[in-house]
Amino acid sequence: MKDLIRKYRENKLSREDLRILRYKLQSVPPEDLNKAVLEDWENYPAVNYDDDDPHKEKTLCDIHHLLKIERKGFSNSFRNISRNVAAMLLPVFMIATIYYYTHPAANPSFMAVTTEKGERASVFLPDGSRVMLNGSSSISYDADAFSRGNRNIEFSGEAFFNITKDPRHPFAVNATGLKVTVMGTKFNLKAVRKDPEAVLYLKSGLVSLLSEKSGKNAIVHPGEKAVLNYGNGHISISQPDQNENILAWHTKKLSFNDEDLYSVISTIEKYYGCKIIVEGANIDNSIFTGTIPTDNLQLSIDVIERIFNVRLKIKK
Amino acid sequence: MAEEGTHNESKLIASLRSGSVHAFDALYDMYYRRIYGYCLNFTKSQKDTEDIVQEVFIKLWLNRKSIYVDESISNYLFSIAKNKLISILRTNIGSPHYEDYIDYCETIGTEDESLLEYKEFADMVERGISKLPPMQQRIVRLSKFAYMSNKEIAHLCNITEQTVKNQLVSGLKRIRSYLDSQDACFILIIILACGLTSST
């Protein structure tokens, strides 16, 4: 088994090896797999290069920045600073808004994009970052300040953020009661004033989420979901169920991991707004791992019928 | 480069536990390359690797007080990354694209610099497939991702087996020319031959 792992790692698998490996991944107990991979790691050599890898330095800087490690040592000063900053931001934003509304022409660099319910919009920021807004959402920022390196935006609603990496100028999203600081990442944020909570799902990269109410800061890792309770300012982090499909509105793909027929069907019904009836009694006990589109019902049905060896009927 | 005697490392670990940033940097220096290289081999994606590596070291710092090893953090660091690595392994291996990737690697040769990493490869094939006209695309997907035979596809789409075959050939040609236009491997000739070589 560990030979297969090594071959996989070195891109030296043959098709036959792949077949065997696939089978083993389904059938061996997890401890065996863990052990095999650990052994593979232990056998992986450390090579010392004399040349310096600039990537290595940069990553270390990113890490320091995210942890706010100062040379003098990691202290509580981080919390105090961010609490003050957060407190300062709110009045500044209010002033800017009021100013804008009373003197719309006076601040031409103020940019805002708002979507109606059911609308989508894609906003490109001066640094190349991209914000994909879902319905009933808005984003606003000062284009001048932004281009000068002050990467701050105001936001409400739901959007998927794809932020350009720039460790010297951290990117911050300000929404009601919270602030998200990022380096170069992709994440989904849902922060609606009227909701009881805000939800951030991190796809890649690393973000720091600050709750203004509690002053507490949480670091979110890829694949994690952070929920901020507006009521008490509390942040909780969890691994979302693979099948929560938080990004489905944006990726137009539904993904499934080890799901059985009924589970897959109920997700499809939910996304397509239809009812699906299963015909035939001879249903495969298979489980499905894969993705299907959110915008092609017929194709989705085809795939499911095939995988589970069943006939389906759609009732709109 | 500093020597990595276990004596030095256990001192660093002890320092790290008590919050020494200097020790953290030194351990980072010791292990960055190895972790990076291993993760890159395993995930076959530069993006995933960068994320995992960053996470490993961040967690190393955040959990410094409760590090339970004394001599070497090598396996400890690995344990932080392990679940993600295995999860990515399963995803990669499970994908129909992976068989094609194997053929691709065999043909181009793993030492070739132009070898695309798996994610790029899979994305490119996927893009090629999505550029096909809807009917053709449906047939290609049924053949490739739902593993249907030509006969089954013909039955499902209410067309003849010969039509299915023609559509697959034509789709293949289109995908190949798309990949050529992207300066990618023409090797994919072999690959999407799903429905064409199978006798069912």
- Can you figure out the FRET efficiency of residue B:147 with residue A:32, using R₀ = 41 Å and their beta-carbon distance, to the nearest 0.05? 0.90
- Message: Assuming 0.36 nm per residue, please report the length gained on full extension of the stretch residue B:107 to residue B:87 beyond their Cα-Cα distance.
- Response: 4.5 nm
- Query: If ligands, DNA and RNA are left out, what is the accessible area of residue A:246 with a 1.4 Å probe, given in Å² to the nearest 10?
  - Reply: 40 Å²
- Cut-off 11 Å between beta-carbons: net charge of the residues surrounding residue B:36, Lys and Arg +1, Asp and Glu -1: +1
- Area buried, chain B against chain A - accessible surface, total, 1.4 angstrom probe, square angstrom: 5600 Å²
- Query: Between residue A:56 and residue A:127, how many nm apart are label points set 7 Å from Cα along the C-beta direction?
  - Reply: 2.7 nm
- Item | Accessible area (Å², 1.4 Å probe, nearest 10) - residue B:173 | 130 Å²
- With r as the distance between the Cβ atoms of residue A:24 and residue A:278 and R0 = 35 Å, compute the FRET efficiency 1/(1 + (r/R0)^6) and round to 0.05. 0.65
- Message: Give me the percent relative contact order of the range B:2-94, please, defined on Cα pairs under 8 angstrom at least 6 residues apart.
- Response: 37 percent
- Stokes-Einstein translational diffusion, the range B:2-94 - Kirkwood Rh over all Cα pairs, 0.890 mPa s, 25 °C, in µm²/s: 180 µm²/s
- For the pair residue A:214 and residue B:8, what calculated FRET efficiency results from E = 1/(1 + (r/R0)^6), where r is the Cβ-Cβ distance and R0 = 45 Å, to the nearest 0.05? 0.65
- Extension gain residue A:136-residue A:269, at 0.36 nm per residue separation less the Cα-Cα distance, in nm? 45.5 nm
- Query: Lys pairs in the range B:2-94, Cα-Cα under 20 Å, at least 8 apart or on separate chains: how many?
  - Reply: 9
- Task: Work through the residues other than residue A:155 whose Cβ is under 12 Å from its Cβ and net out their charges, Lys, Arg +1 and Asp, Glu -1.
- Result: +1
- Task: Keeping every protein chain in place, order A:55, B:155, A:234 by accessible area at 1.4 Å, biggest value first, i.e. largest first.
- Result: B:155, A:234, A:55
- Message: Tell me the relative contact order for the range B:43-160 as a rounded percent, counting alpha carbon contacts under 8 Å between residues six or more apart.
- Response: 24 percent
- Step through the residues of the range B:129-141 one at a time and calculate ³J(HN,Hα) from phi using the Karplus curve (6.51 cos²θ - 1.76 cosθ + 1.60, θ = phi - 60°), rounding each to whole Hz and writing x for Gly and Pro. 5, 6, 7, 6, x, x, 5, 4, 5, 4, 5, 4, 5
- Query: Got a sec? Charge dipole of the range A:257-311, +1 on Cβ for Lys and Arg, -1 for Asp and Glu; which of A:277, A:287, A:303 is way out at the positive end?
  - Reply: A:277
- Hey, got the average number of other protein chain Cβ atoms within 10 angstrom for residues in A:300-310? 3
- Task: Would you mind counting up the charge near residue A:289? Only other residues with Cβ under 9 Å from its Cβ, with Lys and Arg at +1 and Asp and Glu at -1.
- Result: -1
- Note on the structure: For peptide A:13-26, the mean count of other chain Cβ atoms within 10 Å per residue Cβ is 3
- Query: When the solvent-accessible surface of protein heavy atoms is calculated with a 1.4 angstrom probe, in what order do B:175, B:88 fall, highest first?
  - Reply: B:88, B:175
- Within 10 Å of each Cβ in peptide A:268-274, how many partner chain Cβ atoms are there on average? Round it to a whole number, please. 0
- Item | 3J(HN,Hα) from dihedral phi, the range A:245-251, Karplus parametrisation 6.51/-1.76/1.60, rounded to Hz, x for glycine, proline | 6, 4, 8, 4, 4, 9, 7
- Percentage relative contact order, the range A:243-315, counting C-alpha pairs under 8 Å, at least six apart: 39 percent
- Heavy atoms of residue B:135: accessible area, 1.4 Å probe, square angstrom to 10: 80 Å²
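The values are calculated or read from the model by the stated rules, or taken from the named source; none is laboratory data. Since we're looking at a predicted model, the values are computed, not measured. Virtual Cβ from ideal backbone geometry, glycine too; neighbours counted across all protein chains shown. These accessible areas exclude ligands, DNA and RNA; they are computed on the full protein's heavy atoms, side chains included. Shrake-Rupley method; radii C 1.70, N 1.55, O 1.52, S 1.80 Å.
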